[in-house]
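Following: one structure in structure tokens, then a few remarks.
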Amino acid sequence: MGSNSREEEDNHHVIDIWKVDSERLASMQLKISENPKLLSKVAGKRSCCIFRVPQSLIEVNGKAYQPRIVSIGPYHRGQPRLNMIEEHKWRYLGSLLSRTTQTKGLGLEDLLKAIAMLESEARECYSETIQLDSHEFIEMMVLDGCFIVELFRKVSKLVPFEVDDPLVTMSWILPFFYRDFLKLENQIPFFILQRLFELSKLPSEKSTPTLSTLALEFFNNSMLRPDEVIAKQSDMKGKHLLDLVRSSFIPSDQETEPKRVITPTHVIHCVSKLRRAGIKITPAKDSESFLHLTFRHGVIEMPTITVDDFMSSFLLNCVAFEQCYSGCSMQFTTYVTLLDCLINTYRDVEYLCDRNIIENHFGKEGEVAQFINNAGKDVAVDLDTSYLSELFNQVHQYYHSSWHVQWASFKYTYFDTPWSFISALAAFILLVLTVGQTYFAAYQYFDSLKS
């Protein structure tokens, strides 16, 4: 009886502790009914294309995803360190309106009304719930969009810069624009830019380049691709500017990912090990994109890539976009994974620089190696469905073909440099002399025994 009463007291004690708190219950019910804000429900839709970069990538690559001097869109809006260019956005908006109002009678109110019709569609492009009311959101879209469109027109010389405009006379500013406009967190939807571009186009501009052409020409001031490559892509569209430029690098035969291969795809070894197996890496000729790689007869052909501040930022943000957006292929992630496989140390970078695969404007070879290794860290990629799956498997198979690998390893060890060849030759001569000396000593010994 004593034990039963103690159990009843214990049960009663537990019930008292877990008595329902009405305020807590109401708080939990509210949380259940609320929609997520930091990663909203629309983040999984194809319409959502502008994301916060995952914290795992930020921890590896630091501030590579943050704008340095200009904020575009809501994610970095209002940050004091970006206020310098914020003031010039209004000046550029005024410059655009002075032409449209005088020539077409199109004023600021007309631009706001036109973008208001696209507000709901634009909000769905962001993975976060944007905490701005309609007026603030539409004002931001018009201000940021017109600034970009007007800057593209001025840089392409369709519209003259104002005399002594600091955005162009100060040589350090435009290079930062090239990078900041291609940060994943620093985007507005391309259809917003397209609408503002069409509205602000004057009757005399009917034969002028498309917005895509103006954008690609703008960024080409940093990438320096042949003009004919840009000319082929005048009708290209993207989800935003980052996606537009990223897509312009993807060869037409790679626009869709290949089907999953039957056999698992193998990763490949670094440059140093591939060389010992007789695999060479040479620069590809007449290639329009560094993404186009081939493997033939023991030779990997890779187009030259210039690694500098712009390209490093661009690569990292393209990978971040592909990691977040389910509606795109994974070419840049696959390419960075390949580079990560090929490069382990600064010696691998030295070889690729010597072979004109990498043009290093980034820093020391060790810094390039560290950047590549960090770029390939903590990224998800399915090599079995990647556009380089066949190349990975061909290189892997060639690497494990025994007869030529052994011969190549012998050549690499003894004939890779003049000094190694001289050392091998000296060792061979010493061996011949030693054998000869032994032979003649033995011959004299046995000859003396006969006599």
For a quick protection proxy, order the peptides 307-319, 213-225 by their average other-Cβ count within 10 Å, most packed first.
307-319, 213-225
In the list (i) 89, 55, 41; (ii) 61, 54, 44; (iii) 121, 100, 41, the entry giving Cα extents along the principal axes in Å computed from the coordinates is (iii)
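Multiply the residue gap between HIS396 and GLN55 by 0.36 nm, knock off their C-alpha separation, and tell me the result in nm, one decimal place.
Using 0.36 nm per residue and subtracting the Cα-Cα distance, I get 119.4 nm.
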Segment ARG46-THR103, length gained on full extension (0.36 nm per residue, minus Cα span):
16.7 nm
Zone of ASN356's modelled label, taken as backbone nitrogen in the range 268-304 under 19 Å from a point 7 Å along Cα→Cβ
280-296, 299-304
Take each uninterrupted DSSP H stretch in the chain, measure its Cα extent along the helix axis, and return the ones at 20 Å or beyond whose mean Kyte-Doolittle hydropathy is at least -1.0.
134-155, 309-324, 418-450
In debye, nearest 20: dipole of the chain around its Cα centre with unit charges on the Cβ of K, R (+) and D, E (-)?
1120 debye
Take peptides 372-378, 124-130 and line them up by average Cβ neighbours within 10 Å, highest first, as a rough protection proxy.
124-130, 372-378
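If I take R0 = 60 Å and measure r between the Cβ atoms of LEU25 and ASP235 in this structure, what FRET efficiency does the formula 1/(1 + (r/R0)^6) give, to the nearest 0.05?
Result of the calculation: an efficiency of 0.55.
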May I ask you to give the percent of accessible area on the chain that is carbon plus sulfur, with a probe radius of 1.4 Å?
55 percent
Radius 13 Å from Cβ of SER204, net charge of other residues (Lys, Arg +1; Asp, Glu -1):
+4
If each K or R counts +1 and each D or E counts -1, the residues other than GLU301 whose Cβ falls under 15 Å of its Cβ total +1
Between rounded, prolate and oblate, where does the range 135-223 land on the alpha carbon gyration tensor, with a ≥ b ≥ c its root eigenvalues, rounded for a/c under 1.5, else prolate if a/b exceeds b/c?
rounded
Under 17 Å Cα-Cα from LYS280, which lysines qualify once same-chain neighbours fewer than 8 residues away are excluded?
LYS411
Which lysines have a Cα lying under 28 Å from the Cα of LYS45, excluding residues fewer than 8 positions away in the same chain?
LYS31, LYS37, LYS63, LYS113, LYS183, LYS237, LYS239, LYS259, LYS377
Return the long-range amide H neighbours of ALA284 (sequence gap of 5 or more, or a different chain), with a cut-off of under 5 Å between placed amide H atoms.
MET302, THR304
Suppose accessible area is computed on protein heavy atoms with a 1.4 Å probe; arrange ASP243, ASP164 from highest to lowest.
ASP164, ASP243
What does DSSP give for the chain in terms of the percent of beta bridges that are antiparallel, rounded to the nearest 5?
25 percent
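The values are calculated or read from the model by the stated rules, or taken from the named source; none is laboratory data. None of the values given here were measured: they were computed from a predicted structure. No Cβ is skipped: glycine too gets one built from the backbone with ideal geometry, and neighbour counts run over all protein chains shown. Accessible surface is based on the protein model in full, side chains and every heavy atom, while ligands, DNA and RNA are left aside. Shrake-Rupley method; radii C 1.70, N 1.55, O 1.52, S 1.80 Å.
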